[in-house]
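The numbers here are math on the coordinates, done by the rules we state, and not lab data. Note that the coordinates shown come from a computational prediction; the quantities given were computed from them, not determined experimentally. Using ideal geometry, Cβ is built from the backbone for each residue, glycine included, and neighbour counts are taken over all protein chains shown.
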Amino acid sequence: MQHQLGDIINQRYHITDTLGEGAIGITYKARDEVSGVDVAVKSLSLRHSNDWKAIELFEREAKVLANLHHPGIPEYLDYFQVDSPSDRHFHIVQQIAPGESLATLVAQGWHPTELEVRDIAAQMLRILIYLQSLHPPVIHRDIKPQNIIRHPDGQIFLVDFGTIRDTYRQTLTGGSTIIGTYGYMAPEQLLGQAEPATDLYGLGTTLLFLLTHRHPADLPQKRLKIDFRPATDISADFASWLDRMLEPAPEDRFTTAAESLAVLQGKRDIIYPPEPSSHPPAGSKIVFQRTADSLFVDIPPAGGCHPGTFLLGLLAIFCICMTVLCIANMNWFLGIILLGLSIFTGLAFLGIFSDNHTRQLIEINLETVKITWRWDDRESSRFFSRFLQNSDSSVKFNIEDVEMVMIQKVKNGEYYMIYPIIVVGLTNYGFGTHLHPKEQDWLVKQLAFFMGKPYLIQR
């Protein structure tokens, strides 16, 4: 159960108020009976936690906080566990951040000026510069108005590190858990990924909330990017800076908090990503043609026949022969079973074989996109060429309906299939499954650049 006002935790911390409920645990205001000062005690109940992931995140928060020393981050004081007959409580004790959260201030009617918002941005960026300078860098992953405290004198504090992740651990284990707050978290967090630029997006959406008094998810979007300019009245340079912070693709944002702060303070100009090279990666067989008003991509088939595919074909032939033999001997039961197996293995073989010999064509003009899957008779025998020469399939859609181009990672049994897709509403059109990762990344950038759409590359 939750702690109540008046409870004394660990024979030391006297609870006097509830500060709020964060992503992981409940935070209380308490009086330290030893030092006589007010502290923040964050508590997590083992019995009432959803799963062991919450415990893992809580313990990780304590370990990281113990090594953080910055005036904008409340100082870590203690970590302990308290056992009872029916439960175990985990506790983190920190200095209390004096002031009110940005969310509370806005709810009370506060309308900060552009100068005040810039100052909040600068202070937050200095905190992020510190976090990114650590080894390994620390990513907060849940920057939002509720987690930023503002003192009456204007000082800013960043709290609730319950969703932190260090980049070293993410590199070793891979991202898998979606952590963050809807509207404030960056697009890559939907894929369970996070990097230093992720916190920049969270800061950008938080600043939008201060400027508009509207939840970022309620603001209009244009090509998957928040279209905030009609809803704000800010200087052109600040709008351009904020626009860069809110880029959907992390590689299109500022690379570091230090770079973002330098641009905010006018110490350097915004450097926009260069136009992607029109030359495919070395060794690629992709045919690529781009003009001012059209783009053409010819992705050749993988060709060849994998030994497993060859064995599948032999199995299909064997099943067909056995089916004929069973029917000739009037063994109907076994014949029907083998007939079903013949159809399954035969279709599987043709599907895999045709995928290896299918040429993919992407044709884009200023209005439409057409993707064609064509059987390539230059890579096949005359028999299969005649059998499938009319099996071309294609799909066509408008550029304005395209939301983004991205690399999709789909689990297939124990393995992952990674390939480019064009996202059109609820439909994904995939291509280039056999391409090298460098070719896939290059192609995603080319298509996104020509159509003027955002792209996302996460592996």
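Quick notes on this one:
- Measuring nothing but how far apart in sequence close Cα pairs (under 8 Å, 6+ apart) lie, relative to its length, the stretch 96-158 scores a relative contact order of 54 percent.
- Our summary gives the stretch 1-155 a relative contact order of 17 percent, counting only alpha carbon pairs under 8 angstrom and 6 or more residues apart.
- Proxy reagent accessibility, fewest Cβ within 10 Å first, across Asp17, Asp252: Asp17, Asp252
- Residues His14, His70, sorted so that the one with the fewest Cβ neighbours within 10 Å comes first: His70, His14
- The stretch between Val324 and Tyr416, if pulled fully straight at 0.36 nm per residue, gains 29.3 nm over its current Cα-Cα span.
- Sequentially through the stretch 441-454, phi angles give Karplus couplings (6.51, -1.76, 1.60; θ = phi - 60°) of 4, 4, 5, 4, 5, 4, 5, 5, 5, 5, 7, x, 10, x Hz, Gly and Pro residues having no value and appearing as x.
- Rounded if a/c under 1.5, otherwise prolate or oblate - the stretch 105-156, Cα gyration tensor axes: prolate
- For the stretch 117-130, Karplus couplings with θ = phi - 60° (6.51, -1.76, 1.60), whole Hz, Gly/Pro x: 5, 4, 5, 4, 4, 5, 5, 5, 5, 5, 5, 5, 4, 4
- Charge tally in the Cβ shell below 10 Å around Val405, where Lys, Arg are +1 and Asp, Glu are -1, Val405 excluded: +1
- Inter-part distance, the stretch 124-144 to the stretch 201-246, computed on C-alpha centroids, equals 21 Å.
- Packing-based exposure ordering (other Cβ within 10 Å, fewest first) of Tyr79, Tyr455: Tyr79, Tyr455
- The stretch 8-95, relative contact order in percent, only Cα pairs under 8 angstrom and at least six apart counted: 24 percent
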